[in-house]
1. Being at pLDDT 95 or above, part of a loop (DSSP other than H, G, I, E, B) and at negative phi is the requirement here; does Leu27 meet it?
2. Can you name every residue in region 1-50 that is free of Cβ contacts under 8 Å to residues at least 40 places away in the same chain and charged (D, E, K, R)?
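The values are calculated or read from the model by the stated rules, or taken from the named source; none is laboratory data. This one's a predicted model, so the numbers in the text were calculated from it and none came from an experiment. No Cβ is skipped: glycine too gets one built from the backbone with ideal geometry, and neighbour counts run over all protein chains shown.
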Amino acid sequence: MYDIVFISYQEPNADENYNKLLKRFPLAKRVHGVKGIHQAHIEAAKKACTKMFYVVDGDALILSLIHI
């Protein structure tokens, strides 16, 4: 299991997208308001407790898939 870090800056739907992510992955972390994508990724790495982690951009919407 890897940590999930949601990175947002000024995306208009970032809060809504993060809340939807939390419903599916309640332990997801967030980095918000860090200027520059490289700097935001550095901050995400600092928040992650696992050796590798998933990054979700602020304008990304995670869809729930149904397995049959």
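1. Working: at pLDDT 95 or above: yes; part of a loop (DSSP other than H, G, I, E, B): yes; at negative phi: yes.
Judged against the criteria, Leu27 is a match.
2. If the condition is that a residue be free of Cβ contacts under 8 Å to residues at least 40 places away in the same chain and charged (D, E, K, R), then Asp15, Glu16, Lys23, Lys29, Arg30, Lys35, Glu43, Lys46 are the ones that fit.
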